[in-house]
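The values are calculated or read from the model by the stated rules, or taken from the named source; none is laboratory data. Quantities reported herein were computed from a predicted structural model and do not represent experimental measurements. Counting neighbours? That spans all protein chains shown, and the Cβs are built from the backbone with ideal geometry, glycine included.
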Amino acid sequence: MSVLSLRGITKSYAGNAILKGVSLEAEAGEFIALVGPSGCGKSTLLRIVAGLDHGDTGEIVIGGRSVARMAAADRNVAMVFQSYALYPHLTAGQNIAVPLAMRRLTAAQRLPFVGNVLPGQKQIRTDIQRQVKEMALALKIDHLLDRKPGQMSGGQRQRVALARAMVRRPAVFLMDEPLSNLDANLRVHARGEIVDLHRRAGVPTLYVTHDQSEALSMADRVAVMIGGSLLQLATPKEIYDNPAHIEVARFLGQPKINVLETRTDAAGIVRFGDLVLLAKRGQAPDAPVKLAIRPEFVRFHAAGAGRLTARVERMEFLGSEVIVHARLDAIGEVITAKAAPAEAAALAIGQPVDVEFMAERVMLFDSEGARLQAEPVAIATTLEKIHG
Amino acid sequence: MTSNAISVARILRLAILSTGALLFLAPYIFMVSTAGKAQSEIFSSSLSLIPEQWSYIENFSKALSRVSMSTLLFNGVVVCALIFVIQIVVAIPCAYAMAKLKFRAARTMMVLVMLGLLVPIHATALPIYVAFDRLSVLNSYTALVAPFSISVFAIFLFLQFFRAMPDDLIHAARLDGMSEAGIVARVIVPNAWPAITAFAIFSVVAHWNDLFWPLIVVTNQDYATPPLGLLYFRAAEAGDDYGALMAATLIITLPLVTAFLLAQKRFVEGITMTGLKG
C-alpha cells in the first residue's frame, strides 16, 4: 500500500491554473524527486502536501488517512525549507528540540517558569534532550548544538534543518530545494548524505528540485512536472532513456536533446538521412512529427558519402568530453553531439561532417509532444516491406 | 594633501554638528543652570550660566517638598508602562495577522490603519472626554491609559517589520505544531525586539511628556502625571519661583535622559532596525 498518495490535485491563483490535476503514489521508504523548471508548480504541490497551502480539488492520503482538511501540524509531515527557516533566536539544539517539545509537552508544561515545576515534564525534557543529542551525533553536528543559526555556515544550517525535520520521525518527509543555497562542492557532498540518511530512516521523501542531476542521482523515482502537470513518474534510467513526452526529454539531459521537426511520408514512415523509422501504432501519413536523439548518440565523421551532412560550428571542451555543435546542411538546424576528446580531435570548426544517429536511440514524438513508440528499420528491408 | 583636506572637512562637519547640538541642548543647559540659582539671581539683569551662589539643595528641597514628586513619578511610570504593554499586546497579534495571514478584511483593515494614522488625538479628544465623563472614569488611570491602548502607529511599524520576516519561518513553526498564538509568542516576538525597542522609545517618550491628555481628563492631583504636576506646581505653589520649578523639571526629565544614555546603543540599533538575517 502506498504511504502517500495524491489524487487529482488542482490549484489556481487568480484564474491561473498552477496545478492541473496531479496524481502521485509513493511507496514505503521511497525517495521521489519532483523536478521541473521554475514555475511548474512543484513547490506549490509540496506546500499543499504539507498543509501550508490548500488545493482547490483533489485528495491527499498519508498513511491511509485523508489529510486534505487537516492542519499542517496534524499531518505528521516534516519539511526542510530552501532557506532552512531555522528559528534565529534559538540555538541549534533548541531548534531541533522544538518539534519534539511541541508534540510531547502539554501547553501548560511549555509555559516559561510555570511549566518547569509541573510534574512529569522533567522526564520528557531529558528524553527530548537525549533524542536531540542522538540526532546531532547522526548528522555530525553535536559540536554546534549551542550555536545560533547566525553563527553557522550554510552547510551547518542545512544539517540543523535536516535534524529538526527528522528528529520526530514523520510519516512523510518533504524537502524544498534544500541544497540550492550551498556552494557547488558542498552540494554534491550533501546529496550523498541526504540519500544515506533517507536509507537509514526509511521515511518516504518528496524532494523538490530544479536541478536535474540532483533528481536523477538521488531519487528512486523521478517525477517530471512541467506547466502544472506531472508528465512522467519513473525511475531515473527509465525517464532518461524512455521519456514519455518531448518536454520531459527536453528538460532532462545536459546538453539538451536534439529535436528535429520532420514529417511522415504517405506510408506513415519517417525518413531522415539514413534513418527510416516506423511508428508502431500506425502513425498517420503525412503528419508532422518530432524526431529526438540525445547528443551522446550522435556521431560526426569527417566528410564522406553520407546522406546527412553538416558543418561544425562550435566546440566546447569539457575535459572528459567535447560538445560539438554542427549545422545540418539540409534544414539549417543545429545538432549537438557529445564526443570523446580523441574523436573530437579529428574535427575542426567549419569542417563538413557526416552525421550518424544511433538508430535504436532515436525517439519519435507527435506534434503534441506525446511519445510515439517507433522502430528503426533497415533501409533495404523497409522498402521491401512497405513497397514490395 | 588629501589627509589635510579630509581633516578640514572633518573639522567643518564637527563644527556644524556641535553648533546644532549646542542649539538643541541650550534650553536644557539653561534649565540645569537656573535650577541652581537663587530667586534674586534669576531675575538679575546679568546672564551667566554658572550660578554665583549655589542654591541647588535649596531649590531641590523646595521642589520635593511642595509637590508630591514621588506620586508624580509613580503615576508617570504606571501610565507609561500600562500604555506600552497594552499597545504591544494589541498591536503585535494584529500586525502579525495583517502581515502574514490571509483574510477577507485585510485590505479594509489596512485602510483603517492608514486613516487612524491621519487622525490626531486632538480631533477625538472631546468625544472621548464626554464618553469618559458619562462612564464616570475621569480622574483615573483608565482615563489616562484607555485612549492610547490601540496604537495604529505600532500596528503600522510592526506590520512593516513582520512583512520582512521570512514566510518559511512561520511555515516551519506551523509544521512543528505551533498554533497561531504560539507562533506570535515563540517566533515573532523573540525576533521582533529591534522593532519593539524602537516602538518603546516613541511610546514612552510621547506619553511621559504628554500634557494635553492628562490636562483634559485629570483634575485630581493624585492621578497627575509629571508634566501635569509641573503645571500645578507652577500655578499653585511656585508662582514665580523659577529656581524650584527648574529643579522639579530636572527631576522629571531625568529618568528619560538617564534611561536613554544608559541604553543609547540598543536604542539606536532598534531605530535603525538591523533586521534578522539567516
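Checked against (1) within 14 Å of chain B (Cβ to nearest Cβ); (2) within 25 Å of A:I194 (Cα to Cα); (3) surrounded by fewer than 22 Cβ atoms within 10 Å (Cβ to Cβ), A:N95 meets all criteria but (3).
Could you look through region A:78-90, keep only residues that are more than 7 Å from chain B (Cβ to nearest Cβ) and touching a strand residue (DSSP E or B) at 6+ places or on another chain (Cβ under 9 Å), and pick out the one that is farthest from A:P178 (Cα to Cα)? Among those that are more than 7 Å from chain B (Cβ to nearest Cβ) and touching a strand residue (DSSP E or B) at 6+ places or on another chain (Cβ under 9 Å), it is A:V80. For A:R271, the criteria (1) over 20 Å from A:S180 (Cα atoms); (2) in contact (Cβ under 8 Å) with a residue 24 or more places away in the chain hold in every case but one, which is (2). Just one of A:I96, A:I128, A:I124 is within 27 Å of A:R191 (Cβ to Cβ) and β-branched (V, I, T); which is it? Unique residue meeting the criteria: A:I96. When we screen B:S140, B:S136, B:S149 for residues that are away from chain A (no Cβ under 14 Å), within 19 Å of the chain's Cα centre (by Cα), at pLDDT below 95 and within 24 Å of B:F74 (Cα to Cα), the only hit is B:S149. Taking helices (runs of 4 or more DSSP H) as the structural unit, those lying wholly within region B:116-201 and holding at least 3 residues that are β-branched (V, I, T) correspond to B:121-134. Among residues belonging to region A:58-76 that are in contact with a helix residue (DSSP H, G or I) (Cβ under 9 Å, 6 or more places away or on another chain) and more than 7 Å from chain B (Cβ to nearest Cβ), point out the one that is modelled with the lowest pLDDT. Within region A:58-76, the match that is modelled with the lowest pLDDT is A:A68. Taking the listed residues A:Q109, A:Q121, A:Q129, A:Q158, the one that is more than 10 Å from every other protein chain (Cβ to nearest Cβ) and touching a residue at least 40 places away in the same chain (Cβ under 8 Å) is A:Q158, with no other qualifying.
When each of A:I226, A:I239, A:I246 is tested for being over 26 Å from A:E27 (Cβ atoms) and surrounded by 20 or more Cβ atoms within 10 Å (Cβ to Cβ), the lone residue that passes is A:I246.
Please work out which residue is farthest from B:L254 (Cα to Cα), limiting yourself to region B:193-238 and to residues that are among the acidic types (D, E) and modelled with pLDDT of 85 or more. If you could, list the steps in order and put the result at the bottom.
Of all residues in region B:193-238, those among the acidic types (D, E) come to B:210, B:222, B:237.
Checking the rest, the ones that are also modelled with pLDDT of 85 or more come to B:210, B:222.
On the way: B:D210: 16, B:D222: 21 Å.
The residue in question is B:D222.
Determine whether B:W213 is away from every other protein chain (no Cβ under 14 Å) and over 22 Å from B:K102 (Cβ atoms). Considered against the rule, which asks whether it is away from every other protein chain (no Cβ under 14 Å) and over 22 Å from B:K102 (Cβ atoms), B:W213 comes out as yes.
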